[in-house]
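As structure tokens, the structure follows; a few thoughts come after it.
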Amino acid sequence: QVQLVESGGGLVQPGGSLRLSCAASGSIFSINGMGWYRQAPGKERELVAVIDSGGITNYIDSVKGRFTISRDNAKNTVSLQMSSLKPEDTAVYYCNARIRRESTWPYFDYWGQGTQVTVSS
């Protein structure tokens with residue numbers, strides 16, 4: 001089994017900062033891409049940021065310059081540092097990882113349980 005456990009959500013005022021973390025555990029042979037998605041009420045889930053195993057990152061335009069994704073390959077963790085938060089960043093944030101459990105297996109997508117981020121005064 002593989003588990004992704006997130007932490008770090010909460011309530012923050014506009015302009016504030018939060019750091020989300022996600023740890024993958026269980027039967028893991030290797031991890032390819034890792035990323036963060038979010039889903040606001042009444043909206044579809046959207047990709048926020050991704051980072052590949054070599055550290056190459058990509059962000060949606062609305063968070064560029066404000067969010068930073070990073071990962072620790074030795075610890076199987078991925079983090080999202082969020083700064084200059086806006087009310088429109090309010091959503092449930094989900095961690096995603098593409099994991100291979102055995103050397104001969106394909107990669108599968110795994111998801112965290114989600115953590116609420118609320119930006120409000």
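The values are calculated or read from the model by the stated rules, or taken from the named source; none is laboratory data. All values reported here derive from a predicted model rather than from experimental measurement. Glycine also receives a Cβ, built like all others from the backbone with ideal geometry; neighbour counts cover every protein chain displayed. Heads up: the accessible areas ignore ligands, DNA and RNA and are worked out on the full protein's heavy atoms, side chains in. Shrake-Rupley method; radii C 1.70, N 1.55, O 1.52, S 1.80 Å.
Odds and ends about this structure:
- The residues on offer are Val117, Val78, and the sole one that is in a strand (DSSP E or B) and under 19 Å from Ala24 (Cα atoms) is Val78.
- Checked across segment 87-96, the condition of being open to solvent by 80 Å² or more (accessible area, probe 1.4 Å) and farther than 17 Å from Ser25 by Cβ holds for at least one residue.
- Taking every residue in segment 14-39 that is closer than 15 Å to Ser53 by Cβ and pairing it with any residue that is charged (D, E, K, R) and surrounded by 21 or more Cβ atoms within 10 Å (Cβ to Cβ), at least 6 positions away or on another chain, the pairs with Cβ-Cβ distances below 7 Å are Met34/Arg71.
- Scope segment 48-60; condition assigned to a strand (DSSP E or B) and either surrounded by fewer than 17 Cβ atoms within 10 Å (Cβ to Cβ) or of a type in the set (S, T, N, Q) (or both); matching residues: Thr57, Asn58
- In the set (1) surrounded by 12 or more Cβ atoms within 10 Å (Cβ to Cβ); (2) under 15 Å from the mean Cα position of the chain (by Cα); (3) at pLDDT 95 or above; (4) not charged (D, E, K, R), Leu11 fails one condition alone, (2).
- Options Glu44, Glu102; residue that is of a type in the set (Asp, Glu), loosely packed, with under 13 Cβ neighbours inside 10 Å and free of Cβ contacts under 8 Å to residues at least 24 places away in the same chain: Glu44
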